Structure formats: structure tokens, C-alpha cells
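Heads up: the structure comes next, in C-alpha cells.
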Amino acid sequence: MTSPLVIGLSAVVVAIKDGEAVALTVRQKGPGSGPTGLPFGPFDPGGHRTFELALRAFVTEQTRFDLGYVEQLYTFGDKGRDAPLADLGHGDGAARVISVGYLALAPAAVDTHFAGSEWRPWSRIFPWEDWRAGRPIALAPIETALRAWGGADAQRLARARLLFALDGAPWNEERVLERYELLYEAGLVQEAGRDREEAAPARPDALVAALGEAMISDHRRILATALGRLRGKLKYRPVVFELMPDAFTLSALQRTVEAIAGVPLHKQNFRRALERAELVEGLGQLDAETGGRPAELFRFRREILGARPVSGLSLPLLRD
């Protein structure tokens, strides 16, 4: 007997809060009742005209948050990907779920005022991805664990070196999904043991903290996919401005880019690249709430999107 097929929709809703990139999360059974997940729900062919309209409706229902910018991310259909099986309201826990992921960007992480929903920093879910203050301390216990997993297997060790910048290898901020999947393959992240129905091994506290917070189903994989996509897209489309208010300082813009990319940028080179791209213009007003010397406010020149091809932002690293 074949399992029924359910099309689910998952939303990665991203905003910036207190200088951190955050994602909107929910709990299926209320606060304090296990791992969080992304807003998700079933697609009803009879009741929903499009995937996107259905997504917008159930995100608002689950979180009281109205989506703005939305783009389709990926379709997740691997058998067993929904372990533990997600309850999508069909009453059949054996259903196989094909999930269509969406990426949504919000200019503010507004309080949802809804029990079970919360804006969670990516750095708590993927601690190894934040290089803004230098090499993350999370990488030390992860490196030890990966080397133990790799043993004498040259291929495993080469993948670990390349993805996690070991032994002097360069860091590629876009390969978020590949790093998470290597940790899953190595049996390190909590979801791996859960899906294999294995008891969690005793691990040092430092490694447990370094591996970040688990999520339900394969939602951490979906979130990793979104983070990698967004980091790459920063460089060829001006999507970062979907995360900004109408008026902003250049320092706030740089902090937002750094929060998403997870790397520190060279201030002067970033501003030169921004000037060459002609993406922003000054408003002739000062922001007196910067906590120091008032800074000029700028706006995104959104009208140029329909006038000419527009690229993203250069990411001149601080070490450059």
C-alpha cells in the first residue's frame, strides 16, 4: 500500500533584528514543547488558487505576520525527509510530504503577538556560520568531531577541510547547505540520530553548543538552503534592500549585509562599490539616533529596477 502524497509549503521568513539575521519560527504545540520549525502547512488544490497565496494565508494564520517579498526556493521531496512525520492536518501520519520552500524577506522583525512564534537568530541554529568577529569558536569542537569521523578516509577529510575551512582552506560563505549535510552525514547534528532512530550519544557540552539548535522535520535543511541562496543572491541582485526600511544609513546597510553574509566587510571599499553601483541616493537628512555623530540617510533607488539591469552588492572582505 502506497502512502498518501501531501504537498506542503514551508516559509523561510527573514528579517534583521538588533543587528542579527533572524528567521520566523513556530512551535507545533506551543512554547517550550520541543524543537521549533518554520511556518508550514498543506496546499489544498480545491481551496488555494496558487502556492504563494496559500503560503501567505497560513503564515499569517500561524504567526499573525503578513509576508512582503516572496520567492520560491526549492522543492524538497526525498523519501524520509519529513521525519519525524509532520502533522499537516490530514489525520494520516504516514503521508509522504513533498515540500515547496519559499524565501520571504521583511524590512522589520515585527512582534507577531502569537503564542509559539518567535524570531530566532540564525547564529543559534548554525553557530559555525558567523565569521563577523573572526573564526567562530564553534568550529574547534566541530573540527575535532569531523576529524574523528573522517579517520583515515582521505575523501571525508578533504570534504571537511574544504567546507569548514580547515588547515588554511578559504571560507566560502555560500556553502551553508553542504556544511549542514556533511554534519548530518557524519551523524553529528541532532536530526541525524532522530531520523535514524538512534539514541543520542554522550557529547562534550562545547560540541553540543557548537552544533546549534535542532528543528523539526527537515526544516533546518530548508533554512540552510535559504541562507545559502540569500548569501549568493546578495552579489547579483539588490535583494538586501528588501530587508531595509525606506530610509537608512550606510552603516546600517553594511551591518545588514554582514549579518546575512556572516563575514566582516571593509567599510571604505564597501561604500566605494555602493557608489559605483548607483543603487542608493542621499536624502539630505541626518539620522540623529545613531548614538554618535549624526549620519546621512539614504534610500534605495528602486525605480532603476525597471530601467536597466541591476546587479547586487560587492562584498569586499575586511581582510582584503
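Every residue in the stretch 155-187 that is assigned to a loop (DSSP other than H, G, I, E, B) and within 25 Å of the chain's Cα centre (by Cα), please.
Hits for the stretch 155-187 are ALA165, LEU166, ALA169, PRO170, TRP171, ASN172, GLU173, GLU174, ARG175, ALA186, GLY187.
For the list (1) outside the structural domain of ILE137 (by TED's automatic domain parsing); (2) more than 20 Å from ALA106 (Cβ to Cβ); (3) among the polar types (S, T, N, Q), I need the number of the one condition that THR225 fails.
Of everything listed in (1) outside the structural domain of ILE137 (by TED's automatic domain parsing); (2) more than 20 Å from ALA106 (Cβ to Cβ); (3) among the polar types (S, T, N, Q), THR225 misses just condition (2).
Which ones in the stretch 250-297 are in a loop (DSSP other than H, G, I, E, B) and closer than 23 Å to LYS233 by Cβ?
Correct list: GLY262, VAL263, PRO264, HIS266, GLU278, LEU279.
Restricting the search to the stretch 188-225, which residues are assigned to a loop (DSSP other than H, G, I, E, B), buried (at least 16 other Cβ atoms within 10 Å of the Cβ) and over 14 Å from the mean Cα position of the chain (by Cα)?
LEU188, VAL189, LEU211, ILE216, SER217
Among the residues of the stretch 47-76, which ones are surrounded by 20 or more Cβ atoms within 10 Å (Cβ to Cβ) and of a type in the set (Val, Ile, Thr)?
VAL59, THR63, listed by residue number.
Among (1) aliphatic (A, V, I, L, M); (2) modelled with pLDDT of 85 or more; (3) in a loop (DSSP other than H, G, I, E, B), which single condition is VAL70 missing?
(3)
Please pick out the residue among ALA109, ALA104, ALA152 that is assigned to a loop (DSSP other than H, G, I, E, B) and closer than 23 Å to GLY41 by Cβ.
Every option except ALA109 fails the conditions.
The values are calculated or read from the model by the stated rules, or taken from the named source; none is laboratory data. These numbers were taken from a predicted model, which means no experiment stands behind them. So basically every Cβ, Gly included, is an ideal-geometry build from the backbone, and we count neighbours across all protein chains shown.
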